[in-house]
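Report on the structure given below.
A short reminder: the numbers here are calculations on the coordinates, not readings from a lab. Quick caveat: nothing in here was measured; it's all calculated off a predicted structure. Here the Cβ positions follow ideal geometry from the backbone for every residue, glycine too, while neighbour counts run over all protein chains shown.
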Amino acid sequence: MKLTTAENYLLLTERIAKKPMLRSRFTSQAYFVLAVYLDLFAAHVLKIASGHVTFDKTVRLPDYLSIFVSQLTEALSEDDQLKNALKPVTSWDIANQIYDGIGAELLEDRQVERVVFQNNLKPHIIYVPTASARSAAGSWLANTLTTQTPALNLCVILNQMSALKWVVPDENNRESLLSVVRQQSAFNEIQLITETAADVITEKRFWLDSWLS
C-alpha cells in the first residue's frame with residue numbers, strides 16, 4: 001500500500017539546515033504520523049462514523065507500520081472515539097519507524113539522499129529530498145487537489161501547521177488554493193480529523209513542556 005500523503009509530506013518538509021524536521025521536531029513528527037492516518041482513511045482501512053473509528057485489520061499494510069498498528073489497536077480497544085484513536089499520532093517510536101520505512105522507499109526511487117546527522121553525539125540517518133523531488137511534490141500538491149485525496153490531505157495538514165506559506169508563498173495563490181480545497185467533498189471529514197489531531201498534539205506538547213520544566 002502506498003502512503004502518498006506521508007511520502008509527499010516528507011518530501012516537502014524534511015530539512016537538514018539546523019535540525020532535521022522529522023527526526024527532532026515533535027510537532028513535525030506528529031503531523032507526519034497524521035499523514036499516515038489520512039492515507040488509511042482515504043483507502044478506507046480506517047473509517048469514521050458518528051465519531052467512532054473502525055480499523056480493517058484484513059488489509060495488508062507495510063511492515064514499517066507494525067508499531068502504529070499495535071498502538072492503534074490498543075487505543076481502539078480502550079475507546080473508539082476519534083480523539084482517542086488519534087493518540088498514537090504523538091508516538092516518537094511510530095514516527096521514526098515510518099520515517100525509516102518511507103525514507104528507504106524514496107531512496108530506492110532516488111527521490112532522497114541518505115545523510116548521517118550528528119545530534120547530541122548520536123548519529124541519525126536522515127533522508128534529504130533532492131531539489132527535483134521537492135519541486136515535483138510541490139507541483140503535485142498544486143495540480144491534483146481536485147483529483148487526488150492525498151493532495152487534499154496534505155494541503156489541509158500544511159494549512160493546520162501554518163506551513164502552507166512555505167510551499168505556496170504567494171498569498172493570492174494560497175487563498176485560491178484553499179478556496180478549491182474547501183469545495184472538495186472530502187474536506188469536512190479531513191478537516192475534522194486534522195483539527196482533532198491538532199488538539200491531541202497540543203495537549204501532549206503542553207504535557208511534555210510541563211514535565212521537562
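In this simple spin-label model, placing a label point 7 Å from the Cα along the Cα-to-Cβ direction at both Ser77 and Phe187 gives a separation of 4.0 nm. Nearest 0.05, what FRET efficiency do Lys57 and Asn143 give at R0 = 35 Å with Cβ-Cβ as r? Efficiency, from the Cβ-Cβ distance: 0.50. Given the range 1-75, what whole percent of its Cα pairs are spread farther than 16 Å? The share of Cα pairs beyond 16 Å in the range 1-75 comes to 54 percent. The ellipsoid equivalent to the alpha-carbon distribution of the range 62-140 has semi-axes of 29, 17, 11 angstrom, derived from the gyration tensor eigenvalues as √(5λ) and listed largest first. Each Lys and Arg Cβ is given +1 and each Asp and Glu Cβ -1; about its Cα centre, the range 122-209 then shows a dipole of about 320 debye.
Think of the chain as a dipole: +1 on every Lys or Arg Cβ, -1 on every Asp or Glu Cβ, centred on the Cα centre; then among Ala142, Phe41, Thr130, Thr130 lies furthest on the positive end. Each residue of the range 169-178 was assigned a 3J(HN,Hα) from its phi angle through the Karplus curve 6.51 cos²θ - 1.76 cosθ + 1.60 (θ = phi - 60°); the sequence is x, 6, 4, 5, 5, 5, 5, 5, 4, 5 Hz, with glycine and proline shown as x.
Computed from the C-alpha gyration tensor, the three semi-axes of the ellipsoid equivalent to the chain are 24, 23, 18 Å, from longest to shortest. Using a Gaussian network model of the chain in which every pair of alpha carbons under 10 angstrom is joined by a spring, one finds that among Leu22, Leu11, Leu76 the greatest mean-square fluctuation is at Leu76. Comparing Ala151, Ala35, Ala131 in a Gaussian network model of the chain, where Cα atoms under 10 Å apart are tied by springs, the biggest mean-square fluctuation is seen for Ala131. Overall size of the range 33-98 from C-alpha positions, given as principal axis extents largest first: 31, 21, 19 Å.
The range 143-213 and the range 46-62 have Cα centres separated by 21 Å.
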